[in-house]
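Here the structure is laid out as structure tokens; the discussion comes afterwards.
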Amino acid sequence: MDMELLGILLPALAAGVLVISTHVVLGKQVLKRGIIFIDLAIAQVAALGAIVAHLNEDLEHLPFVHMWMPALFALAGAGLIAWLSKRLVGELEAMIGCFYVLAAVAAMLLLSNDPHGAELLKQLMSGQILWVSWEQLLLPALVSVLVLALIAAKPRVLDGAAFYLLFALVITLSVELVGVYLVFSTLILPALALNRYQGRYALALAYGVGLAGYLLGLVLSASLDLPSGAAIVATLALCAFVFRIASHGRRGSPGTENIID
């Protein structure tokens, strides 16, 4: 592996580590609440904000618009879902699914007459993790440290409405780095791999599943010239499946809520 390739892979791997650091913990909460599609919905709404900023000439030239516009959309979407969670308990997952579809359709309609629309949509969905620079990681790194410190100091913050606020902020930055598909996969697959694992060090193992998936996916992508986002999603799924099968003997009861120790 030459130095030029290593120079591409290292910041990409660092981006993956940042995404994993927060998404494994949030993924546990997503499974616990039974709102699996919330990550897709919020990520899609954040992407919609990026599209609006791209299409509006007055907004496009404002400082950091590619960050704060998706964040505003994501926060609005998270606020709406938090409001719905208190009023449509039995139908919340279905409403979140509809929310995702509507945001995706809105993105397609907005970009239908843009000559570069297909490429922008592909970039937002699949991400461009191989082309992440070290400078792009500064803000996500700061936010990740603050979010993890808050969760460590006040674990119960994830049980209330503040979960949606943290979720929206984290998802917005992650979509910018790795795209919608990887955001969903990183949230769900490591947590799902440990969903019924009752042994010790479950959280560490979940991080291990995520890290192995990103590392293998990046190496495959660079070696075989494959789309990086798709390759990492595939290897994350493979690692989650292998761990789930390997830990079959240590599964808990189907109704357990001990998703991650």
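The values are calculated or read from the model by the stated rules, or taken from the named source; none is laboratory data. What you see is a predicted model; the values in this text were computed from it and never measured. Using ideal geometry, Cβ is built from the backbone for each residue, glycine included, and neighbour counts are taken over all protein chains shown. The area values use the complete protein model at the heavy-atom level, side chains included, leaving out ligands, DNA and RNA. Shrake-Rupley method; radii C 1.70, N 1.55, O 1.52, S 1.80 Å.
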Query raised in the report: Taking the range 142-169 only, how many residues are open to solvent by 80 Å² or more (accessible area, probe 1.4 Å), closer than 19 Å to Leu40 by Cα and free of Cβ contacts under 8 Å to residues at least 12 places away in the same chain?
Result: 0
Query - Residue that is nearest to Val145 (Cα to Cα) [pool: residues in the range 22-34 that are open to solvent by 20 Å² or more (accessible area, probe 1.4 Å) and assigned to a helix (DSSP H, G or I)] - result: Val25
**Report entry** Asp58 vs. criteria over 13 Å from Glu176 (Cα atoms) and touching a His at 6+ places or on another chain (Cβ under 9 Å)
**Finding:** no
Query raised in the report: What is the one condition in (1) closer than 24 Å to Leu211 by Cα; (2) crowded, with 17+ Cβ neighbours inside 10 Å; (3) not hydrophobic (A, V, I, L, M, F, W, C) that Glu4 does not satisfy?
Result: (2)
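Can Ala191 be described as in contact with a Lys or Arg (Cβ under 8 Å, 6 or more places away or on another chain), touching a residue at least 24 places away in the same chain (Cβ under 8 Å), surrounded by 22 or more Cβ atoms within 10 Å (Cβ to Cβ) and among the aliphatic types (A, V, I, L, M)?
Numbers: in contact with a Lys or Arg (Cβ under 8 Å, 6 or more places away or on another chain): yes; touching a residue at least 24 places away in the same chain (Cβ under 8 Å): yes; surrounded by 22 or more Cβ atoms within 10 Å (Cβ to Cβ): yes; among the aliphatic types (A, V, I, L, M): yes.
Taking the combined requirement at face value, the residue satisfies it.
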Query - Subset of the range 196-215 (residues that are within 14 Å of Ile129 (Cα to Cα) and either open to solvent by 70 Å² or more (accessible area, probe 1.4 Å) or of a type in the set (D, E, K, R) (or both)) - result: Leu215
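Name every residue in the range 96-122 that is touching a residue at least 12 places away in the same chain (Cβ under 8 Å) and more than 21 Å from Leu169 (Cβ to Cβ), in order of residue number. First the steps, then the outcome.
Applying the first criterion (touching a residue at least 12 places away in the same chain (Cβ under 8 Å)) to the range 96-122 yields 96-97, 99-100, 103-104, 106-108, 110-111, 114, 120-121.
Hits for the range 96-122 are Gly97, Ala104, Ala106, Met108, Leu110, Leu111, Asp114, Leu120, Leu121.
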Query raised in the report: Restricting attention to the range 221-245, which residues are part of a helix (DSSP H, G or I) and open to solvent by 70 Å² or more (accessible area, probe 1.4 Å)?
Result: Ser223, Leu224, Leu238, Phe241, Val242, Ile245
Query raised in the report: In this structure, does Tyr214 turn out to be within 21 Å of Val180 (Cα to Cα) and either within 18 Å of the chain's Cα centre (by Cα) or at pLDDT below 85 (or both)?
Result: yes
